[in-house]
1. Exactly one condition in (1) in contact with a strand residue (DSSP E or B) (Cβ under 6 Å, 6 or more places away or on another chain); (2) within 25 Å of residue 153 (Cβ to Cβ); (3) assigned to a loop (DSSP other than H, G, I, E, B) is not met by residue 55; state its number.
2. Within the range 202-216, work out how many residues are away from ligand 2 (no atom under 16 Å from the Cβ) and within 26 Å of residue 97 (Cα to Cα).
3. Could you tell me whether the range 58-72 includes any residue that is farther than 13 Å from residue 147 by Cβ and more than 18 Å from the chain's Cα centre (by Cα)?
4. Report yes if some residue within the range 71-94 is loosely packed, with under 15 Cβ neighbours inside 10 Å and either touching a residue at least 60 places away in the same chain (Cβ under 8 Å) or part of a helix (DSSP H, G or I) (or both); otherwise report no.
5. For the range 137-156, what are the residues that are at pLDDT 95 or above and of a type outside the set (Val, Ile, Thr)?
6. Taking only pairs six or more apart or across chains, which ones have beta-carbon atoms under 6 Å, a first residue in the range 41-62 that is β-branched (Val, Ile, Thr), and a second residue that is outside any strand (DSSP E or B)?
7. Between a residue in the range 123-136 that is among the polar types (S, T, N, Q) and any residue that is assigned to a loop (DSSP other than H, G, I, E, B), which pairs come within a Cβ distance under 7 Å, given they are 6 or more apart or on different chains?
8. Checking the condition of a type in the set (Gly, Ala, Ser) and in contact with a His (Cβ under 7 Å, 6 or more places away or on another chain), which residue from 78, 160 passes?
Amino acid sequence: MQTFDLFSDATPGQPEPMGPRAFLLRGFALPRVDELLPAIARVTDAAPFRHMVTPGGFTMSVALTNCGTLGWTTDRHGYRYSRTDPATGLPWPAMPEAFAALAREAAEAAGFPRFEPDACLINRYLPGARMSLHQDKNERDLDAPIVSVSLGMPAIFLFGGHRRSDKPARIGLHHGDIAVWGGPDRLRYHGVMPLSDVPHPVLGSQRINFTFRKAG
Ligand code: MD3
Ligand code: FE
């Protein structure tokens, strides 16, 4: 069953600019949620969420998995993209067609036509989980945008500048929102504030974010 929020009968809003080539597409994923949730379940049945360790030796509060040709991983040796799940040695699950189509449409709406992601990182936040300020720079093709889909509980996204010391803006990300970053905004520092427990009617006490990239 599809559930709707107060604004779901409004025509989709214009992309909201967050930077020169960074846009927030409020509610863009809502018409697809009924396809996305079973697709996520198929991925996580084959490659369950797990907490990885950073090169500095900290266990991440966010649990993650991947689908697509390449998956993002971290361990004591560093961050990298891998064709296989380190837990099983098997290839990551294929990227569901519903995922790839949504990522392409969102990128196009934000001015990045012909986006063909080969990696989809799926992050799961439970209450208290956070992501400290960082840059995403393990991808070979830094000209391709990043597309991020938020589902479940809301989060406060921190959108910084090109130096770690630049004071970040705080942006609320809600169920169904998609953000797209490219060009000069691609390497901006960003993070997520510790998640408050405001259970979502469908997903409960969790936030799921999936991020599409061209990594190879
Ligand atoms: C902004 N994930 O997995 S959305 C990550 O909500 C990550 O799980 C967050 O940061 C999350 O690396 C934030 C994705 C995102 C990705 C790349 C960006 C935001 C970005 C690059 C530049 C600016
Ligand atoms: Fe990131």
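The values are calculated or read from the model by the stated rules, or taken from the named source; none is laboratory data. The structure displayed is predicted, hence computed values, not measured ones. Every residue, glycine as well, gets a Cβ built from its backbone with ideal geometry; the counts of neighbours run over all protein chains shown.
1. Looking at each condition in turn, residue 55 falls short on (2).
2. 5
3. yes
4. No, there is no match, as no residue in the range 71-94 is loosely packed, with under 15 Cβ neighbours inside 10 Å and either touching a residue at least 60 places away in the same chain (Cβ under 8 Å) or part of a helix (DSSP H, G or I) (or both).
5. Within the range 137-156, 144, 145, 148, 150, 151, 152, 153, 154, 155 qualify.
6. From the range 41-62, the pairs are 43/93; 59/51; 62/129.
7. Partner pairs satisfying both residue conditions: 123/62; 135/187; 135/189.
8. Answer to the selection: 160.
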